[in-house]
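Undergrad: Dropping a structure here in structure tokens format, bear with me for questions.
The values are calculated or read from the model by the stated rules, or taken from the named source; none is laboratory data. Just so we're clear, the structure is a prediction, and the values are computed from it rather than from any experiment. All accessible areas refer to the heavy atoms of the entire protein, side chains included, with ligands and DNA or RNA removed. Shrake-Rupley method; radii C 1.70, N 1.55, O 1.52, S 1.80 Å.
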Amino acid sequence: MFDATTRSGGTATVSPRTAAAELAVATAAGPVPPTGCAARLTRVLLSPWSRLSLLVLLLASAATAVLLFQPQQLLTDGWPPQLGGAAAAVAYAVAYGLCTVAFVPRPLLNLAAGALFGSQLGLASALAGTVLGAGIAFCLGRVLGQEALRPLLRGKWLKAADGQLSRHGFRSMLAARLFPGVPFAAANYCAAVSRMGLLPFLLATALGSIPNTAAYVVAGARASTPTSPAFLIALACIALPGLAGAVVAWRKRHRLRGR
């Protein structure tokens with residue numbers, strides 16, 4: 001038997017062993033990448049700036065949907081009567097998470113959770129929605145925005161914030177959640193652009209959001225009795241951190257001006 005190519009009557013023939021070897025080499029080399037127009041289109045669609053544009057489009061569409069459907073009407077209209085108990089709390093947590101991605105203010109959602117479900121069930125639903133919304137925003141920012149935005153972190157303050165979140169993610173995000181002056185959405189996307197891990201981000205969000213969320217939920221649950229001690233304590237827990245945050249921001253601003 002011959003392994004080389006032989007000729008018979010002017011026709012080239014290849015032995016089975018040689019053909020099998022050529023097929024094995026072609027298979028090991030992997031699929032041939034697309035060329036021409038298809039390759040260019042694929043590169044454009046998967047480029048960092050295309051993904052960032054998709055993220056902006058998704059967020060703009062979500063914000064537009066909120067303006068059209070006005071979920072804040074739950075405070076006046078109440079929850080649909082078809083849902084009740086734990087099922088309603090789970091449904092509200094999912095809606096809460098989606099609304100935070102669409103930039104609906106969390107204080108409004110927390111007040112609605114307390115008014116609809118009471119202090120305990122409302123707090124559980126609001127915290128679950130907070131973590132869900134933060135996780136969705138983090139994943140969207142990490143997949144669609146990180147690669148395009150990281151090269152833009154050239155300023156001194158941006159590099160410092162990125163380094164803090166990347167090296168000390170849990171405690172940095174915990175402080176951001178406890179400090180009332182840091183916007184929820186901004187913290188989500190800053191963490192997504194950094195090299196912070198998803199699990200520390202979610203844990204810090206869950207723990208750091210408890211005090212502020214609980215205060216608003218209790219205030220919403222006791223809004224019908226504004227003179228009750230629980231309502232007054234909740235208002236104090238809302239007002240005092242906000243006042244402290246304003247004082248700290250004012251002092252830092254004057255220190256920067258002094259430099």
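Undergrad: Give me the 1.4 Å probe accessible area per residue for region 168-238, excluding ligands and nucleic acids, in Å².
TA: With all protein chains present, region 168-238 gives 47 Å² per residue.
Undergrad: Out of the total accessible area of region 151-232 (probe 1.4 Å, heavy atoms of protein only), what percent is carbon and sulfur?
TA: Here carbon and sulfur together make up 70 percent of the probe-accessible area.
Undergrad: Return the sequence-ordered ³J(HN,Hα) values of region 113-123 in whole Hz as given by the Karplus equation 6.51 cos²θ - 1.76 cosθ + 1.60 applied to θ = phi - 60°, using x for Gly and Pro.
TA: 3J(HN,Hα) across region 113-123, in whole Hz: 4, x, 5, 7, 10, x, 5, 6, 5, x, 5.
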